[in-house]
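To start, the structure under review is shown below, and the notes come after it.
The values are calculated or read from the model by the stated rules, or taken from the named source; none is laboratory data. The shown structure was predicted, so the numbers you read here are calculated from the model rather than taken from an experiment. Methodologically, a virtual Cβ is constructed for each residue, glycine included, from the backbone with ideal geometry; neighbour enumeration extends over all protein chains shown.
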Amino acid sequence: MGRASRLAGRGGGGVIGGRVTLLVDPDALAHLARGRRSVLVSGTNGKTTTTRFLAAALATAGPTATNSGGANLPFGLVAALSSAPPGGLAALEVDEAYLGPVAAAVQPEVVCLLNLSRDQLDRINEVRLLAGRWRQALEAVAPAPADARGPTVVANADDPMVVWAASGADRVVWVGAGLSWRLDATGCPRCEGRIQFTDTDWSCGDCGLARPEPQVTVDEVALTDQAGRRHPFTLSLPGQCNRSNAAVAATAASLLGVDEAQALAAMEPVADVTGRYGVVRVGGVPARLLLSKNPAGWMEIFDFLRPPPSPVVVAINARIADGRDPSWLWDVPFERLAGRQVVATGERCRDLAVRLRYAEVDHVMVEDPVAAVAEARRFGDASQPVDVVANYTSFQGLRRAAADA
Amino acid sequence: MPERDSAVRVVVVHPDLLGTYGDGGNGLILARRLQWRGLAVELIEAMSGTPVPASGDIYCLGGGEDAAQHRAAAELAEGNPLGQAVDNGAAVLAVCAGFQVLGRRYPSADGQVRDGLGLIDIDTRKGGGRRPVGELVVTPSPALGLPQLTGYENHGGLTTLGPDAQPLGRVDAGVGNGGGDGSEGAVVGRIFGTYMHGPVLARNPALADLILTSVVGELEALDDSEAELLRRERLEKVGTSRVTDRSRWTARLTSRRVSG
């Protein structure tokens, strides 16, 4: 059955068992979550990494259930919880469109909201609608009597969509987690006015919705916690976006009693998140796999790549889990790949090739990803692993190709 | 080809509001196709909050969310720069929300009727059923002399054409305007409206050149072999597989969600 799930193109094989449970008992998720101290993590980008960090941190305090494979639909959550002993802690990644029903079932202590931007628009339709649904979800799980405890939300103060959604919650800890893609946040989620951004701040010119002062911040050296204490930390994973993910995870962990220093120390050795960032052999060729599935994700990726003229393989599919419409490729500034040879691959390599042509970036098209990695090696330093950037299902395909080799 | 003494001005209108589905690519495509033929081009991204220049030669409007659409429509109504430009012979490519805004009326998220710019004789109302999302294949109106068109639609509104608007084409697969007459898009003079994302000009370079020639005259052919591969793949995909996009197992939970 696990094999069937992998063939279906979603999840790491942990989903089918969960699906059966859910069909038998629609309240399975609520039953399995009862008696646990749970944290939900949602957002367009960084969910899996943040959940991985959080699970590492919580595991220092006790047994922690987690859907570490990225199976983040209700089926996947049921599978993750049913494979863990009752009680204890849970770090759960939740698909952004399912946050409402999942929060209602799980009754989490903490909800982490990272960011919202365009991704799978064939399924999500509108980013702003999703922000509104998050807000309703958080209002719905807030307890009726004022003295009861609803979830605390750990939210990114730099994303207007997240701020609007989180403002529906009882208690919020604002984290300055950054926002590299702003084009989905120019329309005010509250009043339809325009959000004005400066380098570090934002506000709506019409209704006054504005960036809350973050209680937690993170820089190249340290996290500064709610009490103003600085916790220097290093990570094995690259990039400022991952430092921000760690800051959110550490703040959530602290709300469950794991102090920030202990939490961050547990995140430091995390070097590979379901295959992301790891070096594998694809068809015998060493390749470094990077996941990027939308424009916001790509804004981080450019900084991870080896400098030109190193080649790069870009693998694009458009299955259900990717979003059926790859027109987001036109929102990515692929012009920044100029000076390299790009090997366009995956089921939608033709869309990518046309995009690269108009970006005036040298490229070849090799539909089979394994052959594409071999092709890229011809253009680069053979002693270096080939950088491969793939979106969701093409990434999974490459991981399988690496595992089968 | 008429001699031009200045750069062709391609204006992408409000990419911060009307750019949700990669439609900003249309402006880039038009600009590159002129550059590659040796013409001088100025590609202008006219962000919201500042006046849209009325002196452009070609305007591109894209898809956007309801609130952003309303904002764009309100700003474009001030001083009517698009109307002025059209009167001076400019061409317009308007996609999805941008297409709706050019018409007489369009719906807000809650179904209210809002005034459009009235540049083309179309009317859009809120669709009652399932949102049309998926591949769209269109046989263009014969007068346009274009091959079959391919795009990806994702819209909540349904559009009907008035007597002064001609359809861009007839729907072979997908929904298109959704007004019941099987039409897709609209053409009025040099204004082209469509529901096709992709972006539409990436998949249909012949439509790009039709718009360009309407402004600058005859153009030499370009090597569009990659775009042709993409077109053929998309057309074949729809021809062989007409299944809807959502699998049954996601539909079970999807049905609980409100859809826009």
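Do we find that A:Gly150 is modelled with pLDDT under 90, touching a Phe, Trp or Tyr at 6+ places or on another chain (Cβ under 9 Å), more than 30 Å from B:Glu135 (Cα to Cα) and more than 14 Å from chain B (Cβ to nearest Cβ) in this structure?
So A:Gly150 fails the test.
Here the condition is being modelled with pLDDT under 95 and surrounded by 24 or more Cβ atoms within 10 Å (Cβ to Cβ); of A:Val94, A:Val106, it holds for A:Val106 alone.
Okay, residues lined up against (1) at pLDDT 95 or above; (2) in contact with a Ser or Thr (Cβ under 8 Å, 6 or more places away or on another chain); (3) on the phi > 0 side of the Ramachandran plot:
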| site | (1), (2), (3) |
| --- | --- |
| B:Leu119 | yes, no, no |
| B:Gly129 | no, no, no |
| B:Val137 | yes, yes, no |
| B:Gln148 | yes, yes, no |
| B:Gly156 | no, no, no |
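Comparison of B:Asp164, B:Asp181, B:Asp172 shows that the only residue that is more than 14 Å from every other protein chain (Cβ to nearest Cβ) and not in a loop (DSSP other than H, G, I, E, B) is B:Asp172. Is it fair to say B:Gly19 is modelled with pLDDT under 95, within 14 Å of chain A (Cβ to nearest Cβ) and within 15 Å of the chain's Cα centre (by Cα)? Yes; evaluated as a whole, the condition is true for this residue.
Here A:Thr251 passes the criteria (1) within 22 Å of A:Trp298 (Cβ to Cβ); (2) at pLDDT 95 or above except the one numbered (1).
Check whether at least one residue in the stretch A:383-394 is of a type outside the set (Gly, Ala, Ser), outside the structural domain of A:Asp158 (by TED's automatic domain parsing) and over 26 Å from A:Asp272 (Cα atoms), and report yes or no. Scanning the stretch A:383-394 turns up no residue that is of a type outside the set (Gly, Ala, Ser), outside the structural domain of A:Asp158 (by TED's automatic domain parsing) and over 26 Å from A:Asp272 (Cα atoms).
Hey, can you tell me all the residues within the stretch B:22-65 that are modelled with pLDDT under 95 and β-branched (Val, Ile, Thr)? Listed by number, the list holds a single entry, B:Thr50. When each of A:Pro295, A:Pro307, A:Pro269 is tested for being within 30 Å of B:Leu201 (Cα to Cα) and out of contact with any strand residue (DSSP E or B) (no Cβ under 6 Å at 6 or more places or on another chain), the lone residue that passes is A:Pro295.
Please note which helices (runs of 4 or more DSSP H) are completely contained in the stretch A:34-138 and include at least 3 residues that are within 14 Å of chain B (Cβ to nearest Cβ), more than 25 Å from A:Val216 (Cα to Cα) and touching a residue at least 24 places away in the same chain (Cβ under 8 Å). First the steps, then the outcome.
Details: elements: A:47-58, A:74-82, A:99-106, A:121-124.
Correct list: A:74-82, A:99-106, A:121-124.
The listed residues are A:Trp298, A:Trp330, and the only one of them that is in contact (Cβ under 8 Å) with a residue 24 or more places away in the chain, among the aromatic types (Phe, Trp, Tyr), touching a helix residue (DSSP H, G or I) at 6+ places or on another chain (Cβ under 7 Å) and assigned by TED's automatic domain parsing to the domain that holds A:Ser383 turns out to be A:Trp330.
Evaluating B:Arg131 against the criteria (1) free of Cβ contacts under 8 Å to residues at least 12 places away in the same chain; (2) within 19 Å of B:Val175 (Cα to Cα) leaves one unmet condition, (1). Kindly indicate which of A:Gly283, A:Gly257 is out of contact with any strand residue (DSSP E or B) (no Cβ under 6 Å at 6 or more places or on another chain), in the same structural domain as A:Phe302 (by TED's automatic domain parsing) and not β-branched (Val, Ile, Thr). None of the others qualify; the one that does is A:Gly283. Across the stretch A:352-362, not a single residue is classified as over 30 Å from B:Leu18 (Cβ atoms) and either among the small types (Gly, Ala, Ser) or in the same structural domain as A:Arg182 (by TED's automatic domain parsing) (or both). If only one of B:Leu93, B:Leu146 is assigned to a strand (DSSP E or B) and within 25 Å of B:Leu229 (Cα to Cα), which one is it? Result: B:Leu93 is the single residue among B:Leu93, B:Leu146 that is assigned to a strand (DSSP E or B) and within 25 Å of B:Leu229 (Cα to Cα).
Name the one entry in B:Val171, B:Val137, B:Val175 that is touching a Phe, Trp or Tyr at 6+ places or on another chain (Cβ under 9 Å) and under 30 Å from A:Asp119 (Cβ atoms).
When all the criteria are applied, what remains is B:Val175.
Residues considered: B:Arg71, B:Arg9. Of these, the only one that is out of contact with any helix residue (DSSP H, G or I) (no Cβ under 9 Å at 6 or more places or on another chain), outside any loop (DSSP other than H, G, I, E, B) and facing another protein chain (nearest Cβ under 9 Å) is B:Arg71.
In summary, helices (runs of 4 or more DSSP H) completely within the stretch B:192-260 and bearing 2 or more residues that are closer than 29 Å to A:Tyr358 by Cα and at pLDDT 95 or above occur at B:200-203, B:205-216, B:225-240.
Within the stretch A:166-185, can one find any residue that is away from chain B (no Cβ under 14 Å), in a helix (DSSP H, G or I), buried (at least 20 other Cβ atoms within 10 Å of the Cβ) and under 21 Å from the mean Cα position of the chain (by Cα)? The answer is yes, given that some residue of the stretch A:166-185 is away from chain B (no Cβ under 14 Å), in a helix (DSSP H, G or I), buried (at least 20 other Cβ atoms within 10 Å of the Cβ) and under 21 Å from the mean Cα position of the chain (by Cα). Restricting the stretch B:22-60 to residues that are facing chain A (nearest Cβ under 10 Å) and assigned to a loop (DSSP other than H, G, I, E, B), the residue that is surrounded by the most Cβ atoms within 10 Å (Cβ to Cβ) is B:Asp23.
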